[in-house]
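Enquirer: Here it is, the structure, as structure tokens.
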Number of protein chains: 2
Amino acid sequence: MLNLHLNQTLLFCFQNLVFGQKIESPNKKLSLTFAMNADGEPTYRLNLGEKTVIRESRLGIELKDKPAFTKGFSIFKTDTITVNQTWKPIWGEVKEIRNNYKELAVTLQQNSLSDRKLLIRFRLFDDGLGFRYEFLEQKDFQYFIISDEKTEFNLTADHKTFWIPGDYDTNEYAYSTSKLSEIDALKGKSVQEIGTKSVIGANFVQTPLMLKTDENLYINIHEAALVNYPAMHLKVNQQNFSLSSQLTPDAVGNKAFLQAPCKSPWRTILASNKAADILTSKVILNLNEPSKIKDESWIKPQKMVGIWWDMHVNTATWNYADINNVQLGSIDWKAVKPSGKHGATTERTMKYIDFASKHGIDGVLVEGWNVGWEDWAGNWKEEVFDFVTPYPDFDVEKLQKYAASKNVKIVMHHETSGSVTNYERRMDEAFRFMKKYGYDAVKTGYVGRIIPRGEFHDGQWMVNHYVHVANKMAQNQIMLDAHEPVRPTGLHRTYPNWLACEAARGNEFNAWSSGNPPEHETILPFTRLVGGPMDYTPGIFQIKLDVYGKKEQVHTTLAKQLALYVTMYSPLQMAADLFENYEKKLDAFQFIKDVAVDWDDTKILEAEPGDYITIARQAKSKDEWYIGAITDENARISEFSLNFLKENAKYVATIYADAPDSHWEKNPMTYQIQSFLVDNKTALKLNLASSGGAAISIKPATADQLKTLKAYKKGK
Amino acid sequence: MLNLHLNQTLLFCFQNLVFGQKIESPNKKLSLTFAMNADGEPTYRLNLGEKTVIRESRLGIELKDKPAFTKGFSIFKTDTITVNQTWKPIWGEVKEIRNNYKELAVTLQQNSLSDRKLLIRFRLFDDGLGFRYEFLEQKDFQYFIISDEKTEFNLTADHKTFWIPGDYDTNEYAYSTSKLSEIDALKGKSVQEIGTKSVIGANFVQTPLMLKTDENLYINIHEAALVNYPAMHLKVNQQNFSLSSQLTPDAVGNKAFLQAPCKSPWRTILASNKAADILTSKVILNLNEPSKIKDESWIKPQKMVGIWWDMHVNTATWNYADINNVQLGSIDWKAVKPSGKHGATTERTMKYIDFASKHGIDGVLVEGWNVGWEDWAGNWKEEVFDFVTPYPDFDVEKLQKYAASKNVKIVMHHETSGSVTNYERRMDEAFRFMKKYGYDAVKTGYVGRIIPRGEFHDGQWMVNHYVHVANKMAQNQIMLDAHEPVRPTGLHRTYPNWLACEAARGNEFNAWSSGNPPEHETILPFTRLVGGPMDYTPGIFQIKLDVYGKKEQVHTTLAKQLALYVTMYSPLQMAADLFENYEKKLDAFQFIKDVAVDWDDTKILEAEPGDYITIARQAKSKDEWYIGAITDENARISEFSLNFLKENAKYVATIYADAPDSHWEKNPMTYQIQSFLVDNKTALKLNLASSGGAAISIKPATADQLKTLKAYKKGK
């Protein structure tokens, strides 16, 4: 059928030379118009019904030492097909994903360049558009260097924008909300706090970029399937509201070294009149390649606790000793005097193993277990860690035996300190070490400037590195959680062992910086998480902190920390606080124990970027639902129906809510927990404190509960 | 004793503040004077008896973002010790090496910089000087970046110089011979022929640099123990004949990232009134660290033949097919049509194995065995080879079994095409492959521009890579022969598995370029080989060539090709020609079969850089001697005594000499072979043709030979 359709289109194209073409999304709401302008420049427009999402915008690629793919084009042919299929992710927010789009493939030809061709492929979904450049193998065109990409996303007006500074090295900024014309990346929130940064300029921002028009149109711009190509940032023209692609350069100033046949990543534009549709869109996943992993049985969504927050709040350190000069292999660690503050000790790890085992937590992350932390950061040093030598007070063998006896997995930690040269040289040995001691998951880190020197976190060389690591770990049946990498683009579909990334400003910033403003977690799902799951490390119960003698705090209530396990999607969730803090509030910790990390269904009940999000998710293969509701600095009432529950069934909803007196700043650690009988007719009404939230578990009611529990009544 | 001596010196220094100090070499001939000038700049002078080798020259290091180690110094203390010991190399030119020097260690202090200290260590041998900078661990001085090294080698006059252009990426130039004032690196010999080059400028040259003064003083400037530091080139001041260090920069323009305590490589100056002393000097080996390899039993000096010259003379190709676009892993090679010209086939390899086995050659090198050669060079491409996938016509398993049955080893080939990123990512797998199939030696290659892009072959990142490879191969009991690396600095003492390097213009250039001028092989031992053994690939019998339809030729006679096995020292010697060419001249090939690759003793009988070299070497643990005599374009008579032979013993000398009508250009392939009885009273007189030579094997005479052979008579 498809083939036949395809052939007919071809026929049609040859009969009448096409100068432009319009396609509609399966539900006819989104429409794409492709056209050539007078200079033979390819352009596209995107409309949602009557509303213009993207006005006429040019497409093109500039090459080093070769004529550009920008103008002088004519259309050689256009092919259209319609695809409508479904597929099942190994893990995710829903059980099944529909991949339904209308495709337009335009083959362009530069007559003045002996008919050199370029293919631009558009895929138009009901909730968004993806397009990419495809470089065909052709005469005298094989190896080429991209010096610049000239993709435009021309907007219609001075939209409200949720942005962080365009930066080749980091994405750990707080979000600024402003009109496009008011963007100043050099004065963006928290810019001064970031150590390793390469801000591009005042008018550059990162993707995923979230916008909202005065007509209440929600737009998200990002990319999908970033492989063997540098990450795209966006240059903002503050006069005409045109955005254009800004690729991350390499050490010698080029953007990408490519070999035909090959393709660019997909450029994606999500658009809807409903904010919720941005959160449920599967466009980016659909544009990624299917899983490369045949046997996926070893890949397990999971929760972990660990030795980590201790260091952020300075109750322990990564380093073992108070020395300030480590040369790998030159130190007899047994002869070194320990500082007494080292976090990753055998004893403390065993306590975490006990806690995890007792409460059904799968993993225990241990950072600072291996030698080199005494002067690990900031020196642009090649040999920092060897990834196989534990400190004398960390007994790998004993701990692995103990963890196994308690049915808990220790999670490996590979901090590279940005010396990727060193990590790649030692990776095979590091993996052999993991296999020998039974580790099956690793948290990687890329803090600091990259070695090879001159490369950026977001450049082609590093993009190849991240994929190389995911691939090599897949071959070794190792699960990956990458911190400080380039922001995700849906590659977890292709490499499902790549469970999560940080690649944004995580909860940790609350411990030692201006922190994450109350709105932060209401923006992330509309920006960073559009690309993939985030290891945000929620679940901080001790919200008021004293770090290095400074008063710090997490900028949420405790109930909001619980709600994040639902609103901040990840198949790998950390319960980030010290286990001692959980033991003081086991009633609240019960939600973290119960909440699932893998889902059959997801409902966005309420959503407005920068203001609030309420999400309900059904646990994998269970008749259990979990709801998270969060708000920004403004207290609010969240009301929604439970009509997604099965008909004629009674459930017990346990509501972990802010207390009447809760306030993120004045009184963040109060909460109340109540259980009620509910059914699919129930409508809930929740009071969320300033930067507060609510977390709800919903499970089928037992006979006993039916007798003892009251039905939920509004206002209760 | 040493300690006592040391303490006395210390005492002495504290009593009288020293402003300068003179030390003499053990035999008192060389003298070094260290002094501070008026600006508090450290300086040194080197004299050989009455002759000045190096006039007052400054020493110093400039740092990035820190005050320089150049001026404002006072002497904190000086220590002197005398060392006289011997050590035995695992393999080499002599059985035992004497390490005898006077050391002066000067600790300098910058009073204006809170007494920041720098140590300069001099070691004065009878035949040369070595000195290095030592960066002490001290307050506020730990991590630092070297932006420039300010070491001067101020010469006394416009000496005759044997030089190649200073170049950060290659050393494969023909030598120019000129006055210092006449050096023009941009117009140096063969500059236009080199593909990947980074010539520094008109007045920059490489080390080892060979000079000769009008007073017939021979001077050689180089470095020893180049580790974690960039290679040093030399800037020539053509007015005052001052040379100064020019370090290879990294991708961001810095020279070296270091961490105290650490040291620079040794800067070396060899000096003698006899050219021969430059060739016998062990200064550079003595300045390197002892072997890091505990069990060295698996390290074996050896000879090899192989599938290699075939490709240089275009009778075969590295690539399997005539396609021009290979993407690793994307090609089903069995479905690809072979060109029919592929060299590394199972059949041809078996023929080489048969030949090697029959003639007692240890190894068979096979290049072009693995997929990727169709478009391997010149594209600055990251993924070129995977080092584990053979072409369909190369049966690894079958060949290894066959080679083992014939007691021959196949030598692995790892061409990186300069994509070191790719090699480092795949190295572990490549080594596992080698171990699985019984390879124990590998020839590596670094043709083309380096990836990580922006790095040079001679920069710190690559220097670390070469050492990393030697180290990792040692751990895997693999022997290394590196082509296109940085030039050697004696590291084969520390890593004796690192048998040889190319790192200069090898015999291969004779096949397809202007070639190597007749003087080339008389210069290399005074320059490139001062740093370590060279895989020059001698032994070309078919000297007149027809390559790509062009008439080419090797620029020597056949007898000179034989002599190179003695004059061009290497524990790894290739018999580089096609085995078919050897089978046509098995009488001459007998010398290649007989000649040793490891030695108990070495005598330089005659030597003048650029003109001629005659060397006699005693085979390891044998009463056998091998002599090689070569000359440049000028025919000459070589006369020397065999007084190094044992007393009262008769030997048979088999002389492989040029024929009366031999001439490198007009008639290069004629030769004559004669055997005579000789003893330690015999003086030989050999006629060397224009770019000719002679090779002689000397073995104890058998009773039978004593009867049948004539005694050698001059003029015969």
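The values are calculated or read from the model by the stated rules, or taken from the named source; none is laboratory data. These numbers come from a predicted model, not from an experiment. Cβ sites come from the backbone with ideal geometry, for glycine too, and all protein chains shown count toward neighbours. Ligands, DNA and RNA are excluded from the accessible area calculation, which covers all protein heavy atoms including side chains. Shrake-Rupley method; radii C 1.70, N 1.55, O 1.52, S 1.80 Å.
Enquirer: Determine, for each peptide in A:95-104, A:472-481, the mean count of other beta carbons within 10 angstrom over its residues, then list the peptides with the highest first.
Expert: Working: A:95-104: 18.0, A:472-481: 20.6.
For the peptides A:95-104, A:472-481, the packing ranking is A:472-481, A:95-104.
Enquirer: How far is helix B:346-359 tilted, in degrees, relative to the longest principal axis of the Cα atoms in chain B, given as a value from 0 to 90 rounded to the nearest 10?
Expert: 80
Enquirer: What residues have an amide H closer than 5 Å to that of A:GLU502, excluding those fewer than 5 places away on the same chain, when H is modeled at 1.01 Å from N in the peptide plane?
Expert: Those qualifying (amide H under 5 Å, at least 5 residues apart or on another chain) are A:ALA482, A:HIS483, A:GLU484, A:ASP535.
Enquirer: B:ASN99 to A:THR177: FRET efficiency via 1/(1 + (r/R0)^6), r the Cβ-Cβ distance, R0 60 Å, to the nearest 0.05? Don't jump to the answer; show the numbers that get you there.
Expert: Values: r = 71 Å, r/R0 = 1.19.
After rounding, the FRET efficiency stands at 0.25.
Enquirer: Further question on the same structure: Between B:LYS150 and B:ASN216, what length in nm is gained on full extension when 0.36 nm per residue of separation is reduced by their alpha carbon distance?
Expert: Working: separation 66, 0.36 × 66 = 23.76 nm, distance 2.83 nm.
Result for the pair: 20.9 nm of gain on full extension.
Enquirer: Taking the Cα centre of the stretch B:159-250 as origin, work out the dipole magnitude from +1 charges on Lys and Arg Cβ and -1 charges on Asp and Glu Cβ, in debye rounded to 20. Display every interim value, and only then the final one.
Expert: Working: 7 positive and 10 negative charges, 40 e Å.
The dipole magnitude comes to about 200 debye.
Enquirer: With the dipole of the stretch A:507-716 worked out from charges on the C-beta (+1 for Lys and Arg, -1 for Asp and Glu) around the Cα centre, which of A:THR557, A:ILE655, A:ALA619 lies farthest toward the positive end?
Expert: Toward the positive end, the furthest listed residue is A:ILE655.
Enquirer: Please determine, in degrees from 0 to 90 and to the nearest 10, the orientation of helix A:396-405 with respect to the longest principal axis defined by the Cα atoms of chain A, where the helix direction is its Cα long axis.
Expert: Helix A:396-405 and the main axis of chain A meet at about 80 degrees.
Enquirer: How much net charge surrounds A:ASP214 when only the other residues with a Cβ under 13 Å from the Cβ of A:ASP214 are counted, with Lys and Arg +1 and Asp and Glu -1?
Expert: For residues surrounding A:ASP214, the net value is +2.
Enquirer: Contour minus end-to-end for A:GLU50 and A:LYS28, with contour as 0.36 nm per residue of separation and end-to-end as the Cα-Cα distance?
Expert: 6.7 nm is the gain from fully extending A:GLU50 to A:LYS28.
Enquirer: In Å², what does the accessible area per residue of the stretch B:216-356 work out to with a 1.4 Å probe?
Expert: On the way: 4900 Å² over 141 residues.
With all protein chains present, the stretch B:216-356 gives 35 Å² per residue.
Enquirer: For the stretch B:507-716, report the % of Cα-Cα distances exceeding 31 Å.
Expert: Working: 3126 of 21945 pairs.
Tail of P(r) above 31 Å: 14 percent of Cα pairs.
Enquirer: Let me ask something else. Go through B:62-71, B:656-665 and give me the packing order, highest mean Cβ count within 10 Å leading.
Expert: Values: B:62-71: 16.2, B:656-665: 19.8.
Descending mean neighbour count gives B:656-665, B:62-71.
Enquirer: Skipping prolines and chain starts, which residues have an amide H placed within reach, meaning under 5 Å, of the one on A:THR317, given they are 5 or more residues away or on another chain?
Expert: Under 5 Å from the amide H of A:THR317 lie the amide H atoms of A:HIS342, A:GLY343, each far enough along the sequence or on another chain.
Enquirer: With a 1.4 Å probe and all protein chains in place, put A:THR494, B:THR196 in order of accessible area, largest first.
Expert: Values: A:THR494 5, B:THR196 45 Å².
The ordering from most to least exposed comes out as B:THR196, A:THR494.
Enquirer: In the stretch B:106-139, which trypsin sites (Lys or Arg not before Pro) are in a loop and have at most 10 other Cβ atoms within 10 Å, using DSSP for the loop call? Don't skip to the answer; put the middle values down first.
Expert: Numbers: sites: B:ARG116, B:LYS117, B:ARG121, B:ARG123, B:ARG132, B:LYS139; in loops: B:LYS139.
Sparse-neighbourhood loop trypsin sites (Lys or Arg not before Pro): B:LYS139.
Enquirer: Considering the dipole of chain B built from charges on the beta carbon (Lys and Arg +1, Asp and Glu -1) around the Cα centre, which of B:LEU243, B:ALA224, B:ALA174 is farthest to its positive end?
Expert: B:ALA224
Enquirer: Something else about it: Please list the non-local residues whose amide H lies under 5 Å from the amide H of A:LEU119, H modeled 1.01 Å from N, same-chain partners needing a gap of 5 or more.
Expert: A:LEU108, A:GLU134, A:LEU136
Enquirer: Oh, and also: Within 10 Å of each Cβ in peptide B:447-455, how many partner chain Cβ atoms are there on average? Round it to a whole number, please.
Expert: Counting other chains' Cβ atoms within 10 Å and averaging over B:447-455 gives 5.
Enquirer: Once phi is turned into ³J(HN,Hα) by the Karplus curve 6.51 cos²θ - 1.76 cosθ + 1.60 with θ = phi - 60°, what whole-Hz value does each residue of the stretch B:323-338 show in order, with x for glycine and proline?
Expert: Once rounded to whole Hz, the list reads 10, 10, 8, 10, 10, 3, x, 9, 10, 8, 5, 5, 8, 8, 6, x.
Enquirer: Right, another one. Roughly how many percent of the accessible protein surface of chain A is carbon and sulfur, given a 1.4 Å probe and a whole-percent answer? Let's see the in-between values first.
Expert: Numbers: 12220 of 24890 Å².
Summing carbon and sulfur atoms, their accessible area is 49 percent of the total for chain A.
Enquirer: If the only charges are +1 at each Lys and Arg Cβ and -1 at each Asp and Glu Cβ, what is the size of the charge dipole of the protein assembly as shown around the Cα centre, to the nearest 20 debye? Intermediate values should be presented prior to the final figure.
Expert: Values: 170 positive and 176 negative charges, 293 e Å.
So the magnitude is around 1400 debye.
Enquirer: Return the average number of partner chain Cβ atoms within 10 angstrom of each residue Cβ along peptide B:381-388.
Expert: Values: counts 4, 6, 3, 0, 0, 0, 0, 0.
The mean count of partner-chain Cβ atoms within 10 Å per residue comes to 2.
Enquirer: Can you give me the three principal axis dimensions of the protein assembly as shown from its C-alpha atoms, in Å, biggest first?
Expert: Principal-axis extents of the protein assembly as shown (Cα, largest first): 123, 90, 60 Å.
Enquirer: Turning to a different aspect of this structure: By how many degrees, between 0 and 90 and to the nearest 10, does the Cα long axis of helix B:558-567 differ from the longest principal axis of chain B?
Expert: The helix B:558-567 is inclined about 40 degrees to chain B.
Enquirer: Once every DSSP H run of n ≥ 4 in the protein assembly as shown is given -39500 (n - 2.57) and the sum is divided by its residues, what mean residue ellipticity at 222 nm do you get, rounded to the nearest 500 deg cm²/dmol?
Expert: -5000 deg cm²/dmol
Enquirer: May I ask you to derive the FRET efficiency for A:LYS681 and A:SER514 from their Cβ-Cβ distance with R0 = 56 Å, giving the value to the nearest 0.05? Numbers along the way, then the final one.
Expert: Numbers: r = 45 Å, r/R0 = 0.80.
Computed FRET efficiency for A:LYS681 and A:SER514: 0.80.
Enquirer: Now, a different point. Taking the label point as lying 7 angstrom from Cα along the Cα-to-Cβ axis, what are the distances from B:GLY49 to the corresponding position in the remaining copies, in ascending order and in nanometres?
Expert: 10.3
Enquirer: Just how large is the dipole of chain B about the Cα centre, in debye to the nearest 20, putting +1 at every Lys and Arg Cβ and -1 at every Asp and Glu Cβ? Don't skip to the end; give the middle numbers.
Expert: Values: 85 positive and 88 negative charges, 313 e Å.
Using Cβ point charges on Lys, Arg, Asp and Glu, chain B gives about 1500 debye.
Enquirer: Same structure again: Could you pull out the GluC sites (Glu not before Pro) across the stretch A:401-464 that fall in loop regions by DSSP (anything but H, G, I, E, B) with no more than 11 other Cβ atoms inside 10 Å? Walk me through the numbers on the way to the answer.
Expert: Values: sites: A:GLU415, A:GLU424, A:GLU429, A:GLU455; in loops: A:GLU455.
Listed in order of number, the matching sites amount to none.
Enquirer: Further question: In whole Hz, with x marking every Gly and Pro, tabulate ³J(HN,Hα) for the stretch B:466-474 from phi via Karplus 6.51 cos²θ - 1.76 cosθ + 1.60, θ = phi - 60°.
Expert: Residue by residue, the stretch B:466-474 yields 4, 5, 4, 5, 4, 5, 5, 5, 4 Hz.
Enquirer: Would you mind listing the distances between the B:ASP295 label point and the same position in each other copy? Use 7 Å along Cα-to-C-beta, nm, one decimal, shortest first.
Expert: The answer, with the shortest distance listed first, is 3.3 nm.
Enquirer: Looking at B:ALA157, B:PHE591, B:ASN325, which one has the Cα that reaches farthest to the positive end of the dipole of chain B (charges on Cβ: Lys, Arg +1; Asp, Glu -1)?
Expert: B:PHE591
Enquirer: Using DSSP to call loops (not H, G, I, E or B), can you name the trypsin sites (Lys or Arg not before Pro) in the stretch B:277-344 whose Cβ has at most 10 other Cβ atoms within 10 angstrom? Write out the running numbers ahead of the final one.
Expert: Working: sites: B:LYS282, B:LYS292, B:LYS294, B:LYS303, B:LYS334, B:LYS341; in loops: B:LYS282, B:LYS292, B:LYS294, B:LYS341.
Here the trypsin sites (Lys or Arg not before Pro) that fit, given the DSSP loop and packing criteria, are B:LYS294.
Enquirer: Using θ = phi - 60° and the Karplus curve 6.51 cos²θ - 1.76 cosθ + 1.60, what whole-Hz ³J(HN,Hα) does each residue of the stretch A:88-100 get, with Gly and Pro shown as x?
Expert: Along the stretch A:88-100, the couplings run 10, x, 5, 8, x, 8, 9, 6, 9, 10, 8, 10, 10 Hz.
Enquirer: Once both labels are modelled 7 Å past Cα along the beta-carbon direction, what's the B:ASN471-A:THR315 spacing in nm?
Expert: That separation, rounded to one decimal, is 3.9 nm.
Enquirer: Which distances, shortest first and in nm, link B:SER181 to the matching position in the other copies, using label points set 7 Å out along Cα to C-beta?
Expert: 7.1
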